[in-house]
Each structure stands twice: as structure tokens, then as C-alpha cells.
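Beneath this line is the structure, given in C-alpha cells, with notes to follow.
The numbers here are math on the coordinates, done by the rules we state, and not lab data. Since we're looking at a predicted model, the values are computed, not measured. Heads up, the Cβs are rebuilt from the backbone with ideal geometry, glycines too, and the neighbour counts pull from every protein chain shown.
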Amino acid sequence: MHVGKDSKWMQQLVFIGPAVLIFSLVIIAPFLLGLYYSMTDWNGVSPNVNWVWFDNFKKIFMEDTDFASSFWFTTKITVTIVILTNLLGFFIAYMLVQKLKTRNMLRSIFFMPNVLGGLLLGFIWQFIFVRGFTTLGAYSDFFLFKLAWLGTEATAFWGLVIVSVWQGTGYVMVIYIAGLSNVPEDLKEAAYVDGAKRRQVLRHVILPMIMSSITVCLFWTINHTYKMYDLNYSLTNGGPFRSTESVSMNIFIEAFANNRYGLGTAKAFIFFVAVALITVVQVYLTKRREIRM
Amino acid sequence: MSTFLNRYKLHFVEVAVILLALLFLIPFYFVLVNSFKSMPELLKNTASIPEIWRLANYQRAWDILNLPLAITNSLIITIVSTVGLTTIASMCAYRMVRKPSKFNNIIFSLFVAAMVIPIQAIMLPLVKILNLVGIINSIPGLVISYIGLGIAFSTFLFHGFVKSIPYEIEESAIIDGCSPYRVYWSIVFPLLKPMTVTVVLLNTLWFWNEFLLAQLILLKPDLRTIQLAINSLFSEYTKQWDLALAALVMSITPAIVFFFFLQRHIIEGVTAGAVKG
């Protein structure tokens, strides 16, 4: 066999080798190891690891109300954020494809929060909610500024929604702008010539034409929000009374604060299956409505 | 009736969107003006312009954060991860497209399938494995994790792009006696440039802002990234807003400057990345 520098084997090794090696080390091995740990009672440190079969899963489904409530919270907030982000993002994109003089600058401003990490944004907004709103409340007497935003369950939920929508809108806006600019001008014109109203054109011409952008934006917002961690960590730290604890936080706490490593990996596995299912169903449903040109 | 709004409606829309944009900017205004105030001034009124633009908060925050160190760490991690990821992913994608053997196809399908695995599902065992290999609590450990987490998506993006490059160009170079590595490096890689820009920008922003894994892997204070430094400052100096805001301004500035210089490419990159994904 020829094993020189240019041989087929060597090439395969040089081009594919590093990717496969790192992928196995960082994704495959932890994934399989996680499956194994999820069936043990390991605490993460001690040398004794006992095989417990599906006990962890049973515990999670039957007894662990904290996990259930973090899952419910994450689902509720994901639905809220996905709807609001996409509505606002689409609305702004729809305005910005008009011939506005300032549109490039506006596009940059709306996108800007997106380049900052969730951790920093959470701290920034903590200041806005705690101190900024106090000043605005003193000025305007407006009831919304007088609430203890991060102190009660309902308002903390909406606080997270506000920050997430503020951050995510720019991202989906950019994708919607690309989608909207690809709708052929003559198609819209033809509809107007036939006497269609602006609203009808939006509903029956534009929306069907940008279904692929909608698929992408829904996928991104669902995926992104379901995994939320940084923002909850820095804005509310899961409080008040663990009411804004996301699934990611719950997994983290289970493994490192409660030292139930096996249970934590079992939760992580359930979380993986749930997110995968939800996104696959969403992509299937919205892809079906896309028009092939 | 044209498909565009008439001039009056257009002005109205423009004013409305500008107002909305100002609303989006208000948080930045609050953070910026208050970062220059003393604590009593800040508590009195957070909306006003500072009486004196004092830099004392910035000096204190700079020392406590140990900002030069944090920025250096963040820069090293971001640059090495991005360069490594881009090189490895583009080479892998190139080979997969040009030599679609059974093995390569299986690996590619695995990559695509792995894109749905959330970081949370692997983060706990990943720490154990890094420990085993002996690179936990080190910058190489975090860099390798970032490359591993990004490899699937970046390879996927390059894969689509390599397919659009005609094979004839490479063929003639091979006939001229060019080695396969030279063909890749001097002919194919330059042609991949539009996709390379997308991959580099998307990953740079991700690595710079990443917190969850950094928090798990880098435990030594002298390895702190900007995100970790800010986090420890907030847990040690609670309610010291004068200090915290100056620290926040300094931490968000690099990302904002980066964005404003490359905004066109970043926005195009986001669009390209999203549509492919």
C-alpha cells in the first residue's frame, strides 16, 4: 500500500481527521456518556456509581415538581417570546422595506442588541427595571413604572419577555427583510391592479411567499428561547421563588448545587428529546406551507 | 396604485419607525449616562445627564475587573476557536463534497443530526471528559469544546458552498502537478471567501458572548473571560451600580465597535447562515 504524504489515506486523515476527532470528543462521547450516567445515581464526585435503570426518569416524571414547573415556565415563556418577537420583527421589516431614507441606520439600531450576550443584557436590564423605572415612575406617575418588576412572579416573567423580544427582534427582522425583498414586485403589482387591498396583498401574496423565512425565524426563536440560561441567570437568577427558572438552569442546579449528577444528565436527555421533537414538528408544519418556485 | 406607499404615508411610517428605534436605544442611554455619575447622583435621578462626566467609576471598574487580562483571555479564546473552527470545518466540508465515500456521508449525516443536540444535553459529561483528557480549567479545553460544538453547523454551511464551486478549476491544477493540499489552500479556500466571512462573523460573536460553558470549564480567576469577570463583579459588588455600569459599558464596547465596523457583513452573514440552516 502506498502511504506517502499524498496517499488517499493521508488526505482523508488531514482533511477529515481533525473534525471527526474533535466532534467525537466534544459531542459523541459526552452524549453517550450522558446516556450512561442518566441511568446511575452518581453524585458527580464519589467513586461509587450504581446502575439504577430508569429510576431517574421515573423520579423526574413522578416526583420532581421543580423540573415540571421549570419546563412549564420555559414552554410558556417560549410561546410568548416567539409570537411577540416574530410579530414585531416582521412588522419592523415590513416598514423597513419601504423606501425610507434612514432605513439602513434603523436596521442597524434594531439589530444592535443582538450582538451582545444574554448575560450582559440581563445585568443592563436589571438596572433599568430596578433604578431606571424608579426615576421614570417619579416623573410620569405611570403605573407600569411603579411595579417591582423583578420582585413578583408575573412581572418577572414579563420582564424576561421584554428583554428577550428587545434582543431577538433585530435578528428575525433581518431574515424577514431578506424574505420580503425577494417577493417579486410584479406579483404584488398584479394583485393591486386586480383591486386587492394592501391587507389582502399582505395576507394572500406576501405571507405565502415568505413562508421559508417564517420557518427559519420560528425555528431560531423556538430553539434559542427553549435553551435560555444566561438571561434568567443575570436578570432574575430564577427568582422570585424559582418561578423564572428555565430548564437549563434546573439541570445546572441539579448537577452542581444538589450534586445529583445522574439525575441532572437524565433531565438533560429528556430536554434534548423534547427540543428535538418540538423543532422537528415545527419545521415539518411550516415547511409544508412553503411555495416551491 | 403602486406597491409602494405614497409620500405622506411614507413620512409617517418613517417617523413612527424612528420613534420605535429610539425606544430600542433607551437602555443604552440609561447605562451610559449613569456610568459617569456618583452613587448619590445616580440614586437621585437616573434619567438626567451627569453633572460632571467623572471617570472615577471607570478607573475602579478597570482595576476590579482586571480588564486587560479579561479582554486578552476573551480575545485569545475567540480568535483561536474561530480560526481553528473555520479551517477544520472548511477542509472537512471540501473533502466530503469531493470524495463522497460511504464513511464521509455517514459522518455528514451525523453532523446534521447533531445540530439539534442542545449544549445542555452534553455539558455535564463534557466536563468529565475534559477532566479525563487533562484540559479542564484551561483555555485549550474551552477552545476545543467551542470547535466541537460549532463543527457541525460550520461544516454544513461550507458543504453547501463547496458544491457550487466547479471542479474543473481544481482538475487543471492537479494535472499541472499541484498537491491536494496546495489545491485546497491556494485555489479552493480563496473561492470560499463569502462563506468564510459568514462563518467567521457568526462564530466570533457566539464565542465572545458565550457564558454557560465558560462558567463550567474556566474556574481559575486568571482565566476569566469578559463574561466571567462581569459575572463575578456582580456577585461581589451587589447594588454598587456606579461601579457595575462602568464595567458594563467597557464590556459591551468591543462587541458594539466590532458590529459597527462590520455591520453590513454581519447582517448579510446572519441572513446567509439562517437561510442555509
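When the Cα centres of segment B:89-122 and segment B:1-69 are compared, how far apart do they sit, in Å?
Answer, in whole Å: 43.
Using only the Cα atoms of segment A:3-89, what are the Rg and Dmax in Å?
According to the Cα coordinates of segment A:3-89, Rg and Dmax are 22.0, 61 Å.
Could you give the distance between the Cα centres of segment A:65-99 and segment B:173-245, to the whole Å?
27 Å
When the convex hull of the C-alpha atoms of segment A:57-287 is computed, what volume per residue in Å³ does it have?
With only Cα atoms used, segment A:57-287 gives 151 Å³ per residue.
If you line up the Cα atoms of segment B:43-131 on their principal axes, what length do they span on each, largest first, in Å?
Per principal axis, max minus min of the Cα coordinates gives 70, 32, 27 Å.
In deg cm²/dmol, rounded to 500, what helix-only [θ] at 222 nm does chain B give when every DSSP H run of at least 4 residues adds -39500 (n - 2.57) and the total is split over its residues?
Estimated from H runs of four or more residues: -25000 deg cm²/dmol.
Given just the C-alpha atoms of segment A:202-293, how large is their convex hull per residue in cubic angstrom? Present the calculation step by step, with values, prior to reporting the outcome.
Numbers: hull volume 10.6 nm³, N = 92.
Once divided by residue count, the hull of segment A:202-293 is 115 Å³.
Using +1 at the Cβ of each Lys and Arg and -1 at the Cβ of each Asp and Glu in the protein assembly as shown, identify which of A:A178, B:V31, A:V280 lies farthest towards the dipole's positive end.
A:A178
Taking every pair of Cα atoms in segment A:234-276, average 1/r, invert it to obtain the Kirkwood radius, and report Rg/Rh to two decimals.
Ratio of gyration radius to Kirkwood radius for segment A:234-276: 1.02.
In degrees from 0 to 90, rounded to the nearest 10, what is the angle of the helix B:139-163 Cα long axis to the longest principal axis of chain B?
Rounded to the nearest ten degrees, it is 60.
Of A:S70, A:I128, A:F142, whose Cα points farthest to the positive end of the dipole of the protein assembly as shown (charges on the beta-carbon: +1 Lys, Arg; -1 Asp, Glu; origin at the Cα centre)?
Going by the charge dipole, the pick is A:F142.
Can you work out ³J(HN,Hα) from phi for every residue in segment A:202-219, in order, using Karplus 6.51 cos²θ - 1.76 cosθ + 1.60 and θ = phi - 60°, giving whole Hz and x for Gly and Pro?
Whole-Hz 3J(HN,Hα) from phi for segment A:202-219: 4, 6, 9, 10, 6, 4, x, 6, 10, 3, 5, 5, 5, 4, 5, 5, 5, 4.
What percent do you get for the relative contact order of chain A when only Cα pairs under 8 Å and 6+ apart count?
29 percent
Just want the answer: with Cβ charges of +1 for Lys and Arg and -1 for Asp and Glu, which residue in B:I165, B:V143, B:W241 is farthest toward the dipole's positive end in the protein assembly as shown?
B:I165
Using θ = phi - 60° and the Karplus relation 6.51 cos²θ - 1.76 cosθ + 1.60, list the HN-Hα couplings for segment B:90-101 in order, rounded to whole Hz, with x at every Gly or Pro.
Using θ = phi - 60°, the values come out as 5, 5, 4, 5, 4, 5, 4, 6, 7, 10, x, 6 Hz.
How big is the Rg/Rh ratio for segment B:1-105, C-alpha atoms only, Rh by Kirkwood, two decimals?
Using only Cα positions, Rg/Rh for segment B:1-105 is 1.28.
Which residue, A:T85, A:T215, A:T244, tops the fluctuation ranking in a GNM of chain A built on C-alpha contacts under 10 Å?
A:T215
Which residue, A:F142, A:F73, A:F123, has the most motion in a Gaussian network model of chain A that connects Cα atoms within less than 10 Å?
A:F142
So if the hydrodynamic radius of segment A:145-269 is defined as the Kirkwood radius over C-alpha pairs, what does Stokes-Einstein give as its diffusion coefficient at 10 °C and 1.306 mPa s, in µm² per second? Could the numbers behind the result be given before it?
On the way: Rh = 17.8 Å.
For the chosen part, D equals 89 µm²/s.
Pairing the Cα long axis of helix B:241-276 with the longest principal axis of chain B, what angle in degrees results, from 0 to 90 and rounded to the nearest 10?
30 degrees
What residues have an amide H closer than 5 Å to that of A:T40, excluding those fewer than 5 places away on the same chain, when H is modeled at 1.01 Å from N in the peptide plane?
Distant-sequence amide H within range of A:T40: A:V52.
Could you state, as a whole-number percent, how many of the C-alpha pairs of the protein assembly as shown are farther apart than 30 Å?
Distances greater than 30 Å cover 57 percent of the Cα pairs.
Could you please rank B:W185, A:W53, placing first whichever residue has the fewest other Cβ atoms within 10 Å of its Cβ?
A:W53, B:W185
Evaluate Rg over Rh across segment B:156-277, taking Cα atoms for both radii and Kirkwood's formula for Rh.
Radius of gyration relative to Kirkwood radius: 1.17.
Could you go through segment A:77-83 in sequence order and give the Karplus-derived ³J(HN,Hα) for each residue, using 6.51 cos²θ - 1.76 cosθ + 1.60 with θ = phi - 60°, rounded to whole Hz, and x for Gly and Pro?
6, 5, 4, 4, 5, 4, 5
With everything on Cα atoms, drop me the angle between helix B:102-114 and the longest principal axis of chain B, reported from 0 to 90° to the nearest 10.
Its long axis makes an angle of about 20 degrees.
Once you treat every alpha carbon in chain B as an equal point and sum by Debye, what is log10 I(q)/I(0) at q = 0.07, 0.14 Å⁻¹?
Evaluating at q = 0.07, 0.14 Å⁻¹ gives log10 I(q)/I(0) of -0.39, -1.09.
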